[in-house]
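Q: I'd like to ask you about the structure that follows.
Rule-based calculations on the coordinates, nothing more; no lab input. Because the structure is a prediction, the values reported are computed rather than measured. Virtual Cβ from ideal backbone geometry, glycine too; neighbours counted across all protein chains shown.
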Amino acid sequence: MNSKEIRKAFLDFFAGKDHQIVSSAPMVVKNDPTLMFTNAGMNQFKDIFLGNQPAKYVRIADTQKCLRVSGKHNDLEEVGHDTYHHTMFEMLGNWSFGDYFKEDAINWAWELLHDILKIPADRMYASVFEGSADDKLECDDEAFNLWRKFLPADHIINGSKKDNFWEMGDTGPCGPCSEIHVDLRDDDERAKSPGRDHVNKDNPLVIEIWNLVFIQFNRKADGKLEELPDKHVDTGMGFERLCMVLQGTKSNYDTDVFQNTIIKIAELCNKKYGENQKSDIAMRVIADHLRAISFSIADGQLPSNNKAGYVIRRILRRAVRYGYTFLEFKEPFIWKLVETLKNNMGDAFPELISQQVMIENVIREEEESFLRTLETGIRLLDRSLPPTPSKGGGVLSGELAFTLYDTFGFPFDLTSLILREKGMSVDEAGFNTEMEKQKERSRNAAVQETEDWVELKKIEQVEFVGYDQLEVEVNITRYRKVTQKNKEFFHLVFDRTPFYGESGGQAGDSGYLIADGQRTKILDTHKENNLIIHFANKLPENPSAKFAAIVDAQKRKMTMNNHTATHLLDHALREVLGTHIEQKGSLVNSEYLRFDFSHFQKVSREELDKIQARVNELIRENLVKEENRAVSFDEAKTMGAIALFGEKYGDFVRVIKFGDSVELCGGTHVPATGQIGSMIITSESAISAGVRRIEAITSDRAEEFVKKHLDELSEVKGILNNTQNLKKSVEDLLAQNNRLQKQIEEFERKAASGIKQELKNKIHVINGINVIAEVIQLDSAQAVKDLAFQLKGEVDNLFLALGSVIGGKPSISVMIAENVVANKGLNAGTIVREAAKEMQGGGGGQAFYATAGGKDVSRLAAAVDKAKSFVK
RNA sequence: GGGGGAUUAGCUCAGUUGGCUAGAGCGUUUGACUGGCAGUCAAAAGGUCAUCGGUUCGAUUCCGAUAUUCUCCA
């Protein structure tokens, strides 16, 4: 079976067991502060497990794109070195939400693996939870007995809490789990030792392929377990591993999931896979990382310098690094592999097809930029090494290696590789110490203590009423205290709320609660999964009271103006630039709006003018908002809606329509576009390959902006006696200024040359040195300098000391011909410093030319005399 | 969110106890050589040293803030 058939077999099997097949959620997670990427199949159902949202179907199955870069078994730096770890992988899963439990889950797992996919029973092992004294839990006999129907007792293994008790986090839903392992070793190996001795022992050929989790408890912050009213099943089977088992290979990378890419890489670097351990690792790293990067970019997550974008950048750079070091790629190459990946996986994930060009461009740009970083790093490293390494090899300090890494992004392993080539080494322990310090700093800064929710009132789901109302009566349903950096504040959740929680690029609302005359300020509102969380710096005296919740209406109104303007801008962009425009990000708050979109060149001034004019036209048309809060996804598409990217959609979506602009959007909008007043584009810039950013302001801000500029203009006009043609007046003025400037220079030049002649006449010779020491009338440091250098060129054996008053302050310059410096041991720097003391100043410079300033103008002549006195 | 850097000519970058007439390479322009292309040589233009404030006789250089950007950690 090829991988496409395997995927299909899984989904078809569970569809046959009354499961609803749903599509994979985006790999990049929004609205969950604890998670940047989907790292398990259950992520998109988290709200159901947490009880924040009812389940739409009680049985679901899917394949989910996941990304893991850290965790107990998963360190990014290990990926590629073995044959079965990945950054991005597919997780096949089936779920029961309060429906079937252990029995069906185990029976079906067996049916699929053994009866349908024909994995031999003698190669399979199951593990069950052995119990835990800490948590007062017994062994999971139920699971054991279910497995006994299919497997002999010596193929069932008791697993510890570490392996067989699954927890979502420190707190939350959890329960025992049962893993299915497959022994893929050759028969002679299997004869030597039974497979059960290798389960969970990191043997690459005895692997876990499916984990069946039975969620039956909730872990509280104090560590205690509480039985859940509804029990759930959550399973996850590694797709790539399943392919390896069914295709009879010894490595995930030998399956058709990866081989096409690896063949392409081998072709590009002109090496064969399977001939050299180091280049094999590099090829695996690249084949793996290519998937992670491409899927992230397709999901709209571009590489950047923090958060999720930074993780993507790091993965990409790791791939480049391996290619650079072990496959001798010195030019961008990863982008060329996207085509192969698309051919391989585009069927199951069509976003790879529609986004191919985008993905290629972004990857190429990133590769180029990282190769530049490497070049800079190599230069810096070269410079910090001694020119000839001492015999027996020098050692580069860990601090220096860390600076290269931390500040300049130069990978540590490259540092040590380059040093090895030079017969040197690097202090790795020192490097690690520095790294620990850095981590410590970050941890301390990020530490946040979150207490348990205090639940006041049980509700099924929070109701958001802020589309229609800005003031409403609410109850607090739960609250918790959060402490960060010695500052404490509270998270409040209401039964219903007029406050918009930050999401979809729109900033959260602020405002206040009021009860019994007591006000509680709401500083900000965030959306966490399906909860709308209000941030307050104190808890109301009586949290159980009925509150009036009041949104800051002015701020909200400005935000709405900007949000609707964003839709109009999106629409205008498509009209003016073409329908290839796709949203890549958006920020809307009460101050301004920011819109990132795909477009492959700079938007010209003329195009911007057109776009802005079009938006303002739409504003003046006073288009009335047409809002539909429950449209099926398909219906919305036929309406021509633009799907805002990265949102997590239910089966029903909200559609916002202004004239021909139709978008899926959860944000708040003006009743009619006229309210926006006007929009002004304030900037257009590039944020990444193929992505441009437009920033704009609307309504009051736009008006202020125009007023400020008009005021400025009229002020300038006023200064120019209210000229009729401002542009010409300024041009004339500049031209005149230019002319005068030149005249002054000419004049100064003449004056200086006059002074120069005079000075030449005043030369007196002391011991063969031509000495000039005078106070002159020049008031520019530059002019004095020029004069001094000219005289040096024209008079041999010169000793020059010039006093002048510059900007009201006395200044002295000393110039000594180089040969005089050498022969007489004179130093202009020391002379000038001594001389400046006469006028309460100081100075310095080089041996042949130095300057000094002072405070006491009346002592200028004395200072010049002092300087002269050094000539003997 | 926290730490460390960077910002100097159109581009890539040098520039240390604070005073070096602020430089290099590439690019641009001009001239010479050649039958033309290309090239070689010569010369020139091009700088608010990111912005604002402070210390100082004097700041590209030191200090602080801001902006932009890179990088590492969370």
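Q: I need the phi-derived Karplus couplings for segment A:755-763: 6.51 cos²θ - 1.76 cosθ + 1.60, θ = phi - 60°, integer Hz, Gly and Pro marked x.
A: Each residue's phi maps through the Karplus curve to give 4, 4, 4, 4, 4, 4, 5, 9, 4 Hz.
Q: As I understand it, the value is the acute angle between the Cα axis of helix A:699-719 and the longest principal axis of the Cα atoms of chain A; what does it come to in degrees, rounded to 10?
A: Tilt relative to chain A: about 10 degrees.
Q: If we count every other residue with Cβ under 12 angstrom of A:Glu434's Cβ, Lys/Arg +1 and Asp/Glu -1, where does the sum land?
A: My count for the surroundings of A:Glu434 gives -3.
Q: Still on this structure: When each pair of different Cα atoms in chain A is counted once in the 1/r mean, what is the Kirkwood radius in angstroms, to one decimal?
A: That comes to 33.5 Å for chain A.
Q: Please list, by residue number, every one of the chymotrypsin sites (Phe, Trp or Tyr not before Pro) in segment A:770-872 that is coil in DSSP and has at most 13 other beta-carbon atoms within 10 Å.
A: Passing both the DSSP loop test and the Cβ count: no residue.
Q: Check which residues have an amide H placed less than 5 Å from A:Thr682's amide H, if you skip close sequence neighbours.
A: Result for A:Thr682 returns A:Glu695, A:Ala696, A:Ile697.
Q: Could you calculate, for segment A:1-123, the ratio of the Cα radius of gyration to the Kirkwood radius, expressed as Rg to Rh?
A: Ratio value, two decimals: 0.99.
Q: Taking each pair of different alpha-carbon atoms in segment A:773-872 once, compute 1/r for the pair, average those values, and report the inverse of that mean as the Kirkwood hydrodynamic radius in Å to one decimal.
A: This gives a value of 12.9 Å.
Q: What number, in percent, do you get for the relative contact order of segment A:774-824 if the mean sequence gap of Cα pairs under 8 Å and at least 6 apart is divided by its residue count?
A: Across segment A:774-824, relative contact order equals 38 percent.
Q: Expressed as a rounded percentage, what relative contact order does segment A:201-270 have, with Cα pairs under 8 Å and six or more residues apart?
A: Computed over segment A:201-270, the figure is 23 percent.
Q: Count neighbours as other Cβ atoms within 10 Å of each site's Cβ, and list the trypsin sites (Lys or Arg not before Pro) in segment A:92-145 that are DSSP loop with at most 13 such neighbours.
A: The qualifying sites are A:Lys118, A:Lys136.
Q: Hey, what number do you get for chain A at 222 nm if only DSSP H runs of n ≥ 4 count, each worth -39500 (n - 2.57), divided across all residues, to the nearest 500?
A: Calculated mean residue ellipticity at 222 nm is -12500 deg cm²/dmol.
Q: Given Cα pairs under 8 Å that are at least 6 residues apart, what percent is the relative contact order of chain A?
A: The normalised contact order for chain A reaches 6 percent.
Q: Under a cut-off of 12 Å between alpha-carbon atoms, report the aspartates and glutamates in cross-link reach of A:Lys546, not counting same-chain residues fewer than 8 places apart.
A: Here the aspartates and glutamates satisfying the reach criterion relative to A:Lys546 are A:Glu473, A:Asp495, A:Asp516.
Q: A further question follows. Long-range amide H contacts for A:Ala25: which residues qualify at under 5 Å (H placed 1.01 Å from N, peptide plane, sequence gap of 5 or more or a different chain)?
A: The answer is A:Lys65.
Q: Any of A:Lys161/A:Lys527; A:Lys30/A:Lys342; A:Lys717/A:Lys809; A:Lys4/A:Lys161; A:Lys4/A:Lys162; A:Lys192/A:Lys250 with alpha carbons more than 28 Å apart? Name them for me.
A: A:Lys161/A:Lys527; A:Lys717/A:Lys809; A:Lys4/A:Lys161; A:Lys4/A:Lys162
Q: Here's something else I'd like to know. In nm, to one decimal, how far is the modelled label at A:Ile378 from the one at A:Asn145, with both set 7 Å along Cα→Cβ?
A: Placing both labels 7 Å beyond Cα along the Cβ direction yields 6.8 nm.
Q: Using a Cα distance threshold of under 23 Å, what count of lysine pairs results for segment A:438-490 when pairs must be 8 or more residues apart or interchain?
A: For segment A:438-490, the number of qualifying lysine pairs is 4.
Q: Right, something else. In degrees between 0 and 90, to the nearest 10, how far off the longest principal axis of chain A does helix A:605-620 point, with axes built from Cα atoms?
A: 60 degrees
Q: Next question, about the same structure. Distance cut-off 19 Å, Cα to Cα: go down the list A:Lys46/A:Lys584; A:Lys17/A:Lys637; A:Lys136/A:Lys224 and report the pairs above it.
A: Pairs exceeding 19 Å: A:Lys46/A:Lys584; A:Lys17/A:Lys637.
Q: Starting from the coordinates of the alpha-carbon atoms of segment A:307-434, obtain the Kirkwood hydrodynamic radius over all distinct pairs and give the value in Å to one decimal.
A: Result for segment A:307-434 stands at 16.4 Å.
Q: Let me ask something else about it. Just name one of A:Phe89, A:Leu117, A:Ala153: the one whose Cα is farthest towards the positive end of the charge dipole of segment A:83-158 (beta-carbon charges, Lys/Arg +1, Asp/Glu -1).
A: The residue sitting farthest along the positive end of the dipole is A:Leu117.
Q: Per residue and in cubic angstrom, what volume does the convex hull of the Cα atoms of segment A:519-654 have?
A: Roughly 166 Å³ of hull volume per residue.
Q: Looking at segment A:255-310, which trypsin sites (Lys or Arg not before Pro) are DSSP coil and have at most 13 other C-beta atoms within 10 Å of their C-beta?
A: A:Lys272
Q: Near the amide H of A:Tyr500, under 5 Å away, which other amide H atoms are found, from residues 5 or more places off or on another chain, if H is placed in the peptide plane?
A: A:Asp509
Q: From the convex hull of the Cα coordinates of segment A:527-568, what is the mean projected area in square nanometres?
A: For segment A:527-568, the mean projected area of the Cα convex hull comes to 4.7 nm².
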